[in-house]
1. If you check residue 213 against the conditions, is it closer than 25 Å to residue 46 by Cβ, modelled with pLDDT of 95 or more and more than 16 Å from the ligand (Cβ to nearest atom)?
2. Just the residues that are open to solvent by less than 50 Å² (accessible area, probe 1.4 Å) and part of a loop (DSSP other than H, G, I, E, B), please, taken from the stretch 148-172.
3. Going by what's in this entry, would residue 218 be described as open to solvent by less than 40 Å² (accessible area, probe 1.4 Å) and within 16 Å of the ligand (Cβ to nearest atom)?
4. Of the residues in the stretch 85-107, how many are more than 14 Å from residue 164 (Cβ to Cβ) and open to solvent by less than 20 Å² (accessible area, probe 1.4 Å)?
5. List, please: which pairs have Cβ atoms under 8 Å, are six or more places apart or on different chains, and start with a residue in the stretch 73-95 that is over 20 Å from residue 210 (Cα atoms) and part of a strand (DSSP E or B) and end with one that is within 15 Å of the ligand (Cβ to nearest atom) and aromatic (Phe, Trp, Tyr)?
6. Which of the residues spanning the stretch 186-215 are among the polar types (S, T, N, Q), surrounded by 19 or more Cβ atoms within 10 Å (Cβ to Cβ) and either touching a Pro at 6+ places or on another chain (Cβ under 7 Å) or not in a loop (DSSP other than H, G, I, E, B) (or both)?
7. Do any residues in the stretch 112-141 that are under 30 Å from residue 190 (Cα atoms) have Cβ atoms under 8 Å from those of residues that are assigned to a loop (DSSP other than H, G, I, E, B) and of a type in the set (Val, Ile, Thr), where the two are at least six apart or on different chains, and which pairs are they?
Amino acid sequence: MCDGNMQIREVRPKVTLVVRMAASVANYDYIVDWEFQTDGLIRVKVGLSGILMVKGTPYINMNQVNEVENLHGTLLSENVIGVIHDHYITFYLDMDVDGPDNSFVKVNIKRETTAPEESPRLSYLKAVRNVAKTEKDAQVKLKLYDPSEYHMVNPSKKTRVGNPVGYKLVPGGTAASLLDLNDPPQKRGAFTNNQIWVTPYNKSEEWAGGLFTYQSQGDDTLAVWSERDRAIENKDIVMWYTLGFHHVPCQEDFPIMPTVSSSFDLKPVNFYESNPILNIPPNMEKDLPVCNAAASA
Ligand SMILES: [Cu+2]
């Protein structure tokens, strides 16, 4: 490629290793992709497809419905309502960033205001690091106007200039439960009460909803374990991230849903001394995979 005197002589095409798992859970199929990228980013994607949960109704047209909210869903076809529901997928992230003993750090981004007449500027930003000492310090409800970064660091491993090596959790589109905390399904699904939890590693604490979720009283969930408020600083710790979807069905979701997806990232934060891609040799044409539609047809 040429632009005047500037010549770009080499490029590094994005290369991603995708590890895919698909789970059929009741009426849905969940496609989970772990994407390992050359810049150290791990992107975790979830795709939802399958067959919608529906209920029967005497209605065959919306002109028969007086109170639309009382449908608690959408009329998808004659005599079929797709009911409003949520999906939550909790990721058990047994982090070991450059060794087993890690700390969870909330890097809170705050507004500083200038003193009167100090500057033409009225406000600027600063980042306040809060190292979580116990489990309750690490329970996070996401807030757009009180933002933080969520770092998992190894406090005893430093970069050349002295930053602790780490990976950060970067949430993407997600959802939080609106049910009453004491509602039986919410007690069983209490792992959705926060989007992030951090617990000390414990072999018996592996499933966020407990071993027997259905028909349980919600007495064996992540929320119950974390109530002990154990120490988590500079220890072998587990981060839990819950990705959620609210689902108000629409006619296109019936009878089989197009895939709905979201993701979150695990991204290096001072883990490398500089951009790791710069150390990767360029790909030559002979190294590239041959993608030929005609050959595979
Ligand atoms: Cu759904």
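1. Values: closer than 25 Å to residue 46 by Cβ: yes; modelled with pLDDT of 95 or more: no; more than 16 Å from the ligand (Cβ to nearest atom): yes.
Judged against the criteria, residue 213 is not a match.
2. 159, 162, 171, 172
3. Working: open to solvent by less than 40 Å² (accessible area, probe 1.4 Å): yes; within 16 Å of the ligand (Cβ to nearest atom): no.
Considered against the rule, which asks whether it is open to solvent by less than 40 Å² (accessible area, probe 1.4 Å) and within 16 Å of the ligand (Cβ to nearest atom), residue 218 comes out as no.
4. Qualifying residue count for the region: 3.
5. The qualifying pairs are 76/254; 77/254; 80/254; 82/254.
6. Let us first name the residues in the stretch 186-215 that are among the polar types (S, T, N, Q), namely 186, 192-195, 199, 202, 204, 213, 215.
Then keep just the ones that are surrounded by 19 or more Cβ atoms within 10 Å (Cβ to Cβ); that gives 192-195, 199.
Matches in the stretch 186-215: 192, 193, 195, 199.
7. From residues that are under 30 Å from residue 190 (Cα atoms), the pairs are 132/232; 133/232; 134/232; 135/232; 137/232; 138/232.
Quick grid of which residues meet (1) touching a strand residue (DSSP E or B) at 6+ places or on another chain (Cβ under 9 Å); (2) within 19 Å of residue 150 (Cα to Cα):
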position: 195; (1), (2): yes, yes
position: 202; (1), (2): yes, no
position: 249; (1), (2): yes, no
position: 265; (1), (2): yes, yes
position: 284; (1), (2): no, no
position: 290; (1), (2): no, no
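The values are calculated or read from the model by the stated rules, or taken from the named source; none is laboratory data. Just so it is clear, the model here is predicted, and its values are computed rather than measured. All Cβ positions, glycine included, derive from the backbone under ideal geometry; neighbour counts span all protein chains shown. Accessible surface areas use protein heavy atoms only, side chains included; no ligands, DNA or RNA. Shrake-Rupley method; radii C 1.70, N 1.55, O 1.52, S 1.80 Å.
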